[in-house]
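Visitor: Have a look at the structure that comes next, please.
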Amino acid sequence: MSHYGDLTSELLMGMRLYGVNYQRIAVSAPFGLHYEHAPGRAQFHFVGRGSLLVRSASGELFQLNSGDALLVPHGKPHSLISSEEADCQCIKNMASKPICDSVCAIAAPENACNDEHSVLLFSACMAFELGGMQPLINTMPDVMLVSTLLSQYPEIQPILAAMERESRTRQAGFAGILSRLADVVAALIVRGWVENGCGQSSGLVQAMRDPRLSQAIAAMHREPGENWTVARLARVAGCSRSVFAGRFLTATGMTPLRYLTELRMRLAVQRIVNNGEAVEAVAYHLGYGSIAAFSRAFKRIVGQSPGALRAERDGTQALAS
């Protein structure tokens with residue numbers, strides 16, 4: 001496998017969906033559902049019955065039919081509408097009732113959702129990570145359609161068909177099954193985008209595709225706590241220090257050591273927030289000889305101290321328990 005393949009595999013293995021809230025939504029035309037800006041959150045929509053339009057943050061319209069799905073990766077505002085003229089209501093202001101853990105139902109009056117104009121949706125709001133490749137999220141398009149992947153990845157179709165059946169029949173445990181299938185489809189959408197070159201829009205992608213640079217990037221990702229210098233990374237890449245540093249800066253817009261520091265801090269945030277690791281343990285794992293040096297680098301990149309982030313995490317956990 002090439003180093004680009006290694007890095008792509010790492011990205012997909014590092015992908016995590018968490019903090020997911022699901023909604024089963026039944027509405028009848030005319031309708032308009034507006035989703036407000038949700039920084040750091042992605043929104044997934046699947047149409048189990050009927051058809052609708054999606055208006056993106058830029059105003060672009062997309063048609064979704066029964067069995068279609070899409071991902072809005074940046075949490076940008078968007079609307080699901082029955083027609084271009086439909087008035088919108090903010091989804092968070094609509095009455096809902098729980099179905100099971102993390103899944104709720106939103107419905108218009110029952111007698112309004114059984115005609116030929118009715119639409120059945122399954123939506124998920126989530127945060128997702130791409131491991132050390134987190135910057136790639138910023139290069140994703142506003143709307144990612146699963147329909148563009150079906151010819152290349154036919155294995156998605158049976159999953160969509162299963163989601164359609166589960167959303168329509170509402171058999172025992174349907175909400176939990178739907179949520180797991182939604183996780184898989186969202187991951188497949190991201191994988192398809194990555195394997196198709198990430199839209200060729202990222203300097204990181206260019207670096208990953210460079211045989212020499214990708215060796216050095218893969219080494220940093222494999223051992224982020226190693227005492228890397230530009231000279232050592234250049235040797236891994238098989239070129240001189242000056243050539244390596246120049247090519248890296250041209251491809252990524254940053255120096256190799258800046259890239260390494262940002263990689264370490266992204267990993268540090270994940271270990272502190274998601275794994276609940278102690279700041280001291282994270283600093284040691286990522287190659288810092290003192291907590292003071294780690295804290296300075298962390299605050300410079302993240303904007304707050306690791307201790308403050310850990311306190312926020314502990315406070316959120318306490319409120320949730």
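The values are calculated or read from the model by the stated rules, or taken from the named source; none is laboratory data. Please read all numbers here as calculations on a predicted model, not as lab measurements. No Cβ is skipped: glycine too gets one built from the backbone with ideal geometry, and neighbour counts run over all protein chains shown. Side chains included, ligands, DNA and RNA excluded: accessible areas come from the protein's heavy atoms. Shrake-Rupley method; radii C 1.70, N 1.55, O 1.52, S 1.80 Å.
Visitor: Would you pick out the residues in the stretch 84-117 that are at pLDDT 85 or above, under 27 Å from Leu149 (Cβ atoms) and either among the hydroxyl-bearing types (Ser, Thr, Tyr) or part of a helix (DSSP H, G or I) (or both)?
Guide: The answer is Ile91, and nothing else.
Yes/no per residue for (1) open to solvent by less than 10 Å² (accessible area, probe 1.4 Å); (2) among the charged types (D, E, K, R):
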| residue | (1), (2) |
| --- | --- |
| Phe174 | no, no |
| Arg180 | no, yes |
| Arg191 | no, yes |
| Pro211 | no, no |
| Gln215 | no, no |
| Ala218 | yes, no |
| Val230 | no, no |
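Visitor: I've got another one for you. Can you tell me which residue is surrounded by the fewest Cβ atoms within 10 Å (Cβ to Cβ) among those in the stretch 237-251 that are among the polar types (S, T, N, Q) and not in a loop (DSSP other than H, G, I, E, B)? Walk me through how you get there before you give the answer.
Guide: As a first pass, look at the stretch 237-251 and keep what is among the polar types (S, T, N, Q): 240, 242, 250.
Then drop every residue that is not not in a loop (DSSP other than H, G, I, E, B), which leaves 242, 250.
On the way: Ser242: 10, Thr250: 13.
Across the stretch 237-251, the extreme among qualifying residues is Ser242.
Here's the yes/no breakdown for (1) open to solvent by less than 30 Å² (accessible area, probe 1.4 Å); (2) small (Gly, Ala, Ser); (3) closer than 29 Å to Pro211 by Cα:
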site: Gly253; (1), (2), (3): no, yes, yes
site: Leu263; (1), (2), (3): yes, no, yes
site: Ala283; (1), (2), (3): yes, yes, no
site: Leu286; (1), (2), (3): yes, no, yes
site: Phe298; (1), (2), (3): yes, no, no
site: Gly307; (1), (2), (3): no, yes, no
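Visitor: For the stretch 33-66, how many residues meet the condition of being over 27 Å from Thr139 (Cβ atoms), modelled with pLDDT of 90 or more and surrounded by fewer than 22 Cβ atoms within 10 Å (Cβ to Cβ)?
Guide: Just the residues of the stretch 33-66 that are over 27 Å from Thr139 (Cβ atoms), to begin with: 33, 48-52, 65-66.
Retained after the next criterion (residues that are modelled with pLDDT of 90 or more): 33, 50-52, 65.
Those left that are additionally surrounded by fewer than 22 Cβ atoms within 10 Å (Cβ to Cβ): 50-51, 65.
Of the residues in the stretch 33-66, 3 are over 27 Å from Thr139 (Cβ atoms), modelled with pLDDT of 90 or more and surrounded by fewer than 22 Cβ atoms within 10 Å (Cβ to Cβ).
Visitor: Could you list, in sequence order, the residues of the stretch 73-83 that are in contact (Cβ under 8 Å) with a residue 60 or more places away in the chain and in a loop (DSSP other than H, G, I, E, B)?
Guide: The first filter runs over the stretch 73-83 and keeps only residues in contact (Cβ under 8 Å) with a residue 60 or more places away in the chain, leaving 73-74, 76, 78.
Once the filter is applied, which keeps residues that are in contact (Cβ under 8 Å) with a residue 60 or more places away in the chain and in a loop (DSSP other than H, G, I, E, B), the stretch 73-83 yields Pro73, His74, Lys76.
Visitor: So is Thr169 over 24 Å from Leu120 (Cβ atoms) and open to solvent by 20 Å² or more (accessible area, probe 1.4 Å) or not? Working first, answer last.
Guide: Details: over 24 Å from Leu120 (Cβ atoms): no; open to solvent by 20 Å² or more (accessible area, probe 1.4 Å): yes.
No.
Visitor: Do we find that Pro30 is under 28 Å from Val269 (Cβ atoms), touching a residue at least 24 places away in the same chain (Cβ under 8 Å) and outside any strand (DSSP E or B) in this structure?
Guide: Working: under 28 Å from Val269 (Cβ atoms): no; touching a residue at least 24 places away in the same chain (Cβ under 8 Å): yes; outside any strand (DSSP E or B): yes.
In short, no.
Visitor: Right, next: Can you run down the residue pairs with Cβ atoms below 7 Å, 6 or more apart or on separate chains, where the first is in the stretch 264-283 and of a type in the set (Lys, Arg) and the partner is open to solvent by 30 Å² or more (accessible area, probe 1.4 Å) and modelled with pLDDT under 90?
Guide: Matching pairs, first to second residue: Arg266/Gln134.
Visitor: Taking the stretch 120-178 as the search range and keeping residues that are modelled with pLDDT of 80 or more and among the acidic types (Asp, Glu), which one is nearest to Ser51 (Cα to Cα)?
Guide: Restricting to residues being modelled with pLDDT of 80 or more and among the acidic types (Asp, Glu), the top hit is Glu164.
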